[in-house]
Every structure is written in C-alpha cells, then in structure tokens.
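The values are calculated or read from the model by the stated rules, or taken from the named source; none is laboratory data. All values derive from a computational prediction rather than experimental measurement. Don't worry about glycine lacking a Cβ; one is built from the backbone with ideal geometry, like all the others, and counts go over all protein chains shown. Heavy atoms of the whole protein, side chains included, go into the accessibility calculation; ligands, DNA and RNA do not. Shrake-Rupley method; radii C 1.70, N 1.55, O 1.52, S 1.80 Å.
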Amino acid sequence: MNLALFLEMAAEAAPDRIGLVCDGRRWSYAELLAGARGAARRIVASGCSHVALLDESSEAAVLALFGAALAGVPYCPLNYRLADADLAGLLGRIQPALIVGDVARSTRLCDGNVTLSRADFVAAALAEPPLDEAADGDGIAIQLFTSGTTAAPKAAILRHANLVSYILGTVEFGAAEESDAALVSVPPYHIAGISALLSSIYAQRRIVMLPAFTPEAWLALAASEAVTNAFVVPTMLARIIDALETAPTALPALQAVAYGGGKMPLEVIHKALDRFPATGFTNAYGLTETSSTIALLGPEDHRAAHGASDPAVRARLGSVGKPLPTVELEIRDESGRALPPGEPGEIFVRGDQVSGEYRERSALTDDGWFPTRDAGYLDAEGYLFLSGRADDVIVRGGENLSPGEIEDVLLGHPAIADACAVGVPSVEWGEAVGVALVLRDGHDRPGEAEIRQLVRDRLRSSRVPEAIRFEPALPYNEMGKLLRREVRKLFAA
Amino acid sequence: MKPGMKLKSQVCNTEVMVIRCGTGQVECGGVPMAEDKPAAPGVPAEGKAAGTLMGKRYVDATGSFELLCVKPGEGSLSVDGVILTIKDAKPLPASD
C-alpha cells in the first residue's frame, strides 16, 4: 500500500481544510495532493533513482515525500549540516538523484544528478499535470542515512509497508479537530520530521512548519498559530524553557508536547512540567530503523512521576515508557537469551513497522527481531529504561558497566551540570571508567576524591571513575545526541 | 486479492484498501467488490446497508481480513456474507 494514500484520503475527506502552513503560505489538502501528483510526474520524467532533499523544512519536503512515493522512487532527505566531504560521500551512494534544494552545493560536490532549487521544484510540481498512475507501494518509500554517532552513516531503508503499518497502528484517521495544529521544528532528514508529516496528515492536524529553530521563533509561531501539538528534541525544550524565563509567553492552546531523539535531562522535564501545567508531555522512543516510535511514556505517567514521593514512580520520568501494543520488545543478553525485568541487556523489537533493513543488508534475525544496539532494561511494571548504545557499554575486567547508570549518579551532584562516562584504556582492567564533567555555573569544582566517593556510595566499586576531567561543554550533534566517540578522543589525547 | 489492492463497491461509493486478506469473498452491500466500478451501480441488499466510515478499519472475527475504508458509502462490508466489524483503535497520545 502506497503511503501517499494518506494524503489522498485527507484530500478526499476535507479538500479545503488547511494541511500545511509554512513561511506564511497556507496549503489545503487538495493543493498539497495536486502538488504531490505534479511532483511525481516531474520525478518520473527525470529518470532518477532517488529523490534527495538538501534543504531546510518547507512545502518542498511534503511535495517531495509524497511525490516520490507516488512515483515509486525512494525519498532521501539529507543532512545539510554535514561537512562537504561527508555529504559528497552520501551523494555518491544515491546517484543518479533528483536533488531539491541547494543547487550550487550539490553540483559542486557531485555531478551527474538533476538539481532543482526549492522554488523551481515547487513551481514544477504545481505546473505539471498529475501523474496518471501511482506506484503500487510495494517498494522502498524512504532511505535515511543514520546519524552515525558510533560509526559511518548507514543507509536505513523504510518500505511503504513499514510506514503504513506505523501510521495505521498509532493514528486514528481524521481524529484532529479543525483547530488542531502541530508545530514541526525537527529537520526533514530526521525520522521524527517524516513521521510528524505522516501522522499529522492522517489525523488531519494542520502542520505548522518552523524551518530554522530558535526558541524565540518557536514560541512566537506556537502563539500566533494557536499550536496544540509539538514535537521537540531535548535541547530544543531546554532552550524553550530558558527563553521563557526571560520572556514569558502564554501558550493556552498547547495541549501536547512529545519529545525524543536523545536523552532528556530530568531537570529540564521537571521544569517543563511546572512551566506548562496544563500540557500533556509524551516521551517517544524509537529509531530510524523502526519507522519512529516503538515505546512511549504518556502524559499521565509524566504527571504521576513529577508529583510522586515514591522513588520508583518518580524514577519513571527517566524511562521511555511502555512498548506500543503493536510491537513486541525484549531485553536479551549476549547469547540471545531473553532477560527478566531489572536485568540490563540489548533491546530487541519485532513488528510490521520495524524495517531493520539497510541498503547493504538486513539486520533482522531469522525470526524477524531487530537488534537495536540500544542497551536498556524493563522494570517490574514493564517500563523501559535506556542506558545508552550497546556499543557504549564499558567492559571492565569482564564486567559490563552501563555509562547511563554512572552518569545519573554524577548528575545528582549539585555542582555537576552534565556528565559522560566512557571506557578508557586500562592496563589492569582492559577498560576502566573515564568521566567528562561540566561544572554548573556558580559552583566550585568538586575534588576527584569527592566524585569517586559519590559513585562508590551509590554503585559498586567497579563503577568508580579512574579518569576524571572537566570540560566547558560536552559534544552533542544538532539533534541533541551526545557524541561519545568525541568524548573518548578527549581521553585518548 | 492481495494487500495493497483497492476494491470498489458495486452498489455505492465505498472503496477499501486491502491491508490483510485470507481466502473468501469480500462484499459491499452483499455484492462482491471488484477492482473497477460498475457501469450501473446496484442497490445494497437488505441488512447490508448500514454504511461504511472513512478511515475506519474493518476486520472479520478471525482477524484474517482487514480492510481500510478510503471512500465511504451506504453499503456494509462483509466476507462470505458475514458482516465485518470496526477494529477498535487503541488510543495513544500523539508521539510525533
């Protein structure tokens, strides 16, 4: 089934309803569908094997997503923030491509493609007659390069069937009120940016696009468009909360804020719950390879944890909630054995929305399970807690240590604003714990003995850091993901 | 019949997308559905005219058939004469 059916259904049910607001221009569902059909014809005419987007979010992202789907050509939004050499490498893997966006840069980095500026692509989409017959939707809908925080980017493939299954399983068609509006500020090359478009169109929730995030612009647009729903990454929420401290903005329409894409600092989510007492917060956990969300912590759990005195309930604010009813999830040890609650291991998932497929190979096991390479555990009530990438586990003298566990203890110190634990080479143990810390403004730097004692008091002695260093800030990518490989380099230097 | 196929009612405007299918005859208004619209539409049979709703998923008791309504109409959906029911949506908070 072709995922463009979602846009066709929205246009069939409510052709004149506004589906997208971007840079002041308003698009009805009928206009978006006409544009997607025209884009499809332009894509087919190009003869290209991929449709790439090298641009910020705009109406072109919507037209390219659905146009490519109708044309039966994989849509491949690219990270325009990458350095030239890295981007050239990715472009070389999707030739020949119809590239929409930065014409000068894409032609400089790679020849043999068809390039169109955003304005030219949108104009062509609106001018072309519709493509007569849509592709059957049996193939690849989207190819996304993973962010590659631990290794070179992988070309993850999402089939129409994966994304259709995700949307049908999680969104009720046309469930949004006509006044509902979703503020989309994640970039178009992130899975959350794509699933936000699909979910909103299927729910018929007006998409309000913010191409370049700043907290001030986010707050202004949320207020002027009476935004009801938003998805943010943790760093965005932290900056929004900070901006509100200096310039309070009332957002009475804001019903729901979902977040994901990286670890949310507890301090930030507590502040957000205080700042928006009437808003429901949802933590969504998912991967590119799973078509977005596979587990979520909903609004009621947030409020219960926020107000709880029971430490077990309060700790849930640090969990990613429970698996969706449409996916199976297990924690497994290195031998592949499923583990009981409380025991940490690798997270495995299975379900129709799970692709687990890369251009080069499928990572699925013979019986369809996807090893996420994320480490975590389930608590007694079935709440999922993440403890970093499986590749980030520190192996000290044969014992597996979770960096997240050590970091959580360190972040409990009032003078520590941020913390990252990594494995550092050790003659005695093979690997030992190294921690990079960021001092909180206005505090004195705690001594190494004090830091080690803090960890020793709370965790087993094997977790006590051997190497401790203070940094002005920790390295994050633009989506708020901590770049542990960069922290490891600090210790190696 | 296979998943991804679109079926059209012969008695009303109903169109469905096949999401899952087993063996059996899919009907709307008691008349077998087809890939093409009829030249002259018939009428729904008695007891098979409760109508279809846009965007709802219809399933049989065994879970082998699942049809997504992409255009609503007056007929009722059935497989081998047994009326399909609307699949209960599991309400989830919007996560994206």
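Determine whether A:PHE276 is aromatic (Phe, Trp, Tyr) and touching a Gly at 6+ places or on another chain (Cβ under 9 Å).
Working: aromatic (Phe, Trp, Tyr): yes; touching a Gly at 6+ places or on another chain (Cβ under 9 Å): no.
No.
Residue check, A:ARG303 against (1) more than 23 Å from A:ALA61 (Cα to Cα); (2) within 14 Å of chain B (Cβ to nearest Cβ); (3) surrounded by 19 or more Cβ atoms within 10 Å (Cβ to Cβ), all met but one. Which one?
The single condition A:ARG303 does not satisfy is (3).
Of the residues that sit in the range A:375-384 and are touching a residue at least 60 places away in the same chain (Cβ under 8 Å) and surrounded by 20 or more Cβ atoms within 10 Å (Cβ to Cβ), which one is farthest from A:GLU407 (Cα to Cα)?
A:TYR383
Pairs only if they're at least six apart or on different chains, beta carbon under 7 angstrom, first in the range A:316-330 and within 14 Å of chain B (Cβ to nearest Cβ), second among the basic types (Lys, Arg) and not in a helix (DSSP H, G or I); list them, first residue then second.
Every condition considered, the pairs that remain are A:PRO325/B:LYS90; A:VAL327/A:ARG350.
Would you check if there is a residue in the range A:255-266 being in contact with a helix residue (DSSP H, G or I) (Cβ under 8 Å, 6 or more places away or on another chain), open to solvent by 10 Å² or more (accessible area, probe 1.4 Å) and over 20 Å from A:GLY321 (Cα atoms)?
no
Quick one: A:GLU245 ticks every box in (1) within 14 Å of another protein chain (Cβ to nearest Cβ); (2) open to solvent by 30 Å² or more (accessible area, probe 1.4 Å) bar one, so which box is it?
Of everything listed in (1) within 14 Å of another protein chain (Cβ to nearest Cβ); (2) open to solvent by 30 Å² or more (accessible area, probe 1.4 Å), A:GLU245 misses just condition (1).
Could you figure out which of (1) within 13 Å of chain B (Cβ to nearest Cβ); (2) in a loop (DSSP other than H, G, I, E, B) isn't true of A:ALA250?
Result: A:ALA250 passes all but (1).
Of all residues being β-branched (Val, Ile, Thr) and out of contact with any Phe, Trp or Tyr (no Cβ under 7 Å at 6 or more places or on another chain) in the range A:151-183, which is least open to solvent (accessible area, probe 1.4 Å)? Just the residue, please. Working first, answer last.
Restricting attention to the range A:151-183, the residues satisfying the condition of being β-branched (Val, Ile, Thr) are A:157, A:164, A:167, A:170-171.
Filter once more, keeping what is out of contact with any Phe, Trp or Tyr (no Cβ under 7 Å at 6 or more places or on another chain): A:164, A:170.
Numbers: A:VAL164: 11, A:THR170: 29 Å².
My answer is A:VAL164.
Under 9 Å between Cβ atoms, which residue pairs at least 6 apart in sequence (or on different chains) link something in the range A:133-145 that is under 18 Å from A:GLU8 (Cβ atoms) with a partner that is open to solvent by 10 Å² or more (accessible area, probe 1.4 Å) and among the acidic types (Asp, Glu)?
A:ALA134/A:GLU8
In the range A:267-300, how many residues are part of a helix (DSSP H, G or I), crowded, with 20+ Cβ neighbours inside 10 Å and at the interface with chain B (Cβ under 10 Å from one of its Cβ atoms)?
Qualifying residue count, the range A:267-300: 0.
Where the second residue is modelled with pLDDT under 95 and surrounded by fewer than 24 Cβ atoms within 10 Å (Cβ to Cβ) and the first is more than 23 Å from A:ILE269 (Cβ to Cβ) and lies in the range A:283-294, which pairs have Cβ atoms under 6 Å and are six or more apart or on separate chains?
As it stands, the answer is A:THR288/A:THR146, since those pairs meet every condition given.
List every residue pair whose Cβ atoms lie under 7 Å apart, where the two residues are 6 or more positions apart in sequence or sit on different chains, the first residue falls within the range A:442-466 and is over 15 Å from A:ALA419 (Cα atoms), and the second residue, located anywhere, is among the charged types (D, E, K, R).
A:LEU459/A:GLU405; A:SER462/A:ARG396; A:SER462/A:GLU399
Of all residues being under 19 Å from A:LEU70 (Cα atoms) and either loosely packed, with under 15 Cβ neighbours inside 10 Å or touching a strand residue (DSSP E or B) at 6+ places or on another chain (Cβ under 7 Å) (or both) in the range A:8-19, which is farthest from the other protein chains (Cβ to nearest Cβ)? Just the residue, please.
Per the stated criteria, the residue is A:GLY19.
Quick check on this structure: which one of A:ASP366, A:ASP352 is open to solvent by 60 Å² or more (accessible area, probe 1.4 Å) and either part of a strand (DSSP E or B) or touching a residue at least 40 places away in the same chain (Cβ under 8 Å) (or both)?
Working: A:ASP366 fails: either part of a strand (DSSP E or B) or touching a residue at least 40 places away in the same chain (Cβ under 8 Å) (or both).
Sole residue among the options that is open to solvent by 60 Å² or more (accessible area, probe 1.4 Å) and either part of a strand (DSSP E or B) or touching a residue at least 40 places away in the same chain (Cβ under 8 Å) (or both): A:ASP352.
Would it be correct to say that A:THR372 is surrounded by fewer than 16 Cβ atoms within 10 Å (Cβ to Cβ) and of a type in the set (Ser, Thr, Tyr)?
no
Taking interchain pairs and intrachain pairs at least six residues apart, which have beta carbon atoms under 9 angstrom, with the first residue in the range B:1-14 and more than 13 Å from chain A (Cβ to nearest Cβ) and the second buried (at least 18 other Cβ atoms within 10 Å of the Cβ) and among the basic types (Lys, Arg)?
Hits for this filter: B:LYS8/B:LYS71; B:SER9/B:LYS71; B:VAL11/B:LYS48.
How about the range A:153-242: which helices (runs of 4 or more DSSP H) wholly inside it have at least 3 residues that are more than 10 Å from every other protein chain (Cβ to nearest Cβ) and at pLDDT below 95?
By residue number, no helices (runs of 4 or more DSSP H) qualify.
If you take just the strands (runs of 3 or more DSSP E) that sit entirely in the range B:36-84, which of them hold at least 1 residues that are at pLDDT 95 or above and within 14 Å of another protein chain (Cβ to nearest Cβ)?
So the answer is B:57-59, B:66-71.
Which one of the conditions (1) out of contact with any strand residue (DSSP E or B) (no Cβ under 9 Å at 6 or more places or on another chain); (2) within 12 Å of another protein chain (Cβ to nearest Cβ); (3) over 30 Å from A:VAL232 (Cβ atoms) does B:LYS90 fail to meet, given that it meets all the rest?
In the conditions (1) out of contact with any strand residue (DSSP E or B) (no Cβ under 9 Å at 6 or more places or on another chain); (2) within 12 Å of another protein chain (Cβ to nearest Cβ); (3) over 30 Å from A:VAL232 (Cβ atoms), B:LYS90 misses (3) alone.
Of the residues B:CYS12, B:CYS21, which single one is within 17 Å of A:MET1 (Cβ to Cβ) and open to solvent by less than 60 Å² (accessible area, probe 1.4 Å)?
Of the residues listed, the single one that is within 17 Å of A:MET1 (Cβ to Cβ) and open to solvent by less than 60 Å² (accessible area, probe 1.4 Å) is B:CYS21.
Would you pick out the residues in the range A:80-136 that are β-branched (Val, Ile, Thr) and surrounded by fewer than 15 Cβ atoms within 10 Å (Cβ to Cβ)? Break it down stepwise before answering.
Step one: filter the range A:80-136 for residues β-branched (Val, Ile, Thr), giving A:94, A:99-100, A:103, A:107, A:114-115, A:122.
Matches in the range A:80-136: A:THR107 only.
Could you tell me whether any residue of the range A:118-128 is within 14 Å of another protein chain (Cβ to nearest Cβ) and out of contact with any Asp or Glu (no Cβ under 6 Å at 6 or more places or on another chain)?
No; the residues of the range A:118-128 include none that is within 14 Å of another protein chain (Cβ to nearest Cβ) and out of contact with any Asp or Glu (no Cβ under 6 Å at 6 or more places or on another chain).
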